[in-house]
Structures are given as structure tokens and as C-alpha cells.
Amino acid sequence: MRKRNAVPELEMRAYRTTGVHLPADLWELLNRVAFERAKQRGGRASVSALLVEMIEKNRRALELELGKTVR
């Protein structure tokens, strides 16, 4: 049986592994939300997937901050 993937379009992207320094309370919040989503939606808890989703939701504002034209 194939595993459920909440965001299948991300599979085609190139990835980079990075270390991000976060305050402990914010990391704990992200981790708890990731686990709650996994309980509700199935699949594995992923802080990385949560961060990707948050960045994608705010992509326009981030690109505008850089002065880029939004596609």
C-alpha cells in the first residue's frame, strides 16, 4: 500500500538539507502542530512540511520584500 503524502507536488522539487536555529518555544509549537496534523490527516509528522506550507502561503509577501515580480 502506498503511503499517503499530503503534498505530492513537492516530490518533484529539488531539496536542500539545512539547519535552522529556532527558539525552543517556537520549535516546540511547530513540532506539536506537525504531530496534530499527522493525527488528523494521517501520514508522518513533519516540521519541514509545515514550514514549506507556511512559506508558500507567504511567498508573495516575501518576494515583494525582495522587489521581485510575482509570477
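Where a number appears in this text, it was derived from the coordinates with a stated rule and is not lab data. As the structure is a prediction and not an experimental result, all values here were calculated from the model. So basically every Cβ, Gly included, is an ideal-geometry build from the backbone, and we count neighbours across all protein chains shown.
Once you have all Cα-Cα distances for region 7-56, histogram them in 5 Å bins from zero and send the whole-percent values.
4, 18, 26, 28, 16, 8, 0
With each pseudo-label sitting 7 Å past Cα toward Cβ, what's the ARG59-VAL20 distance in nm, one decimal?
Between ARG59 and VAL20, the label points sit 1.6 nm apart.
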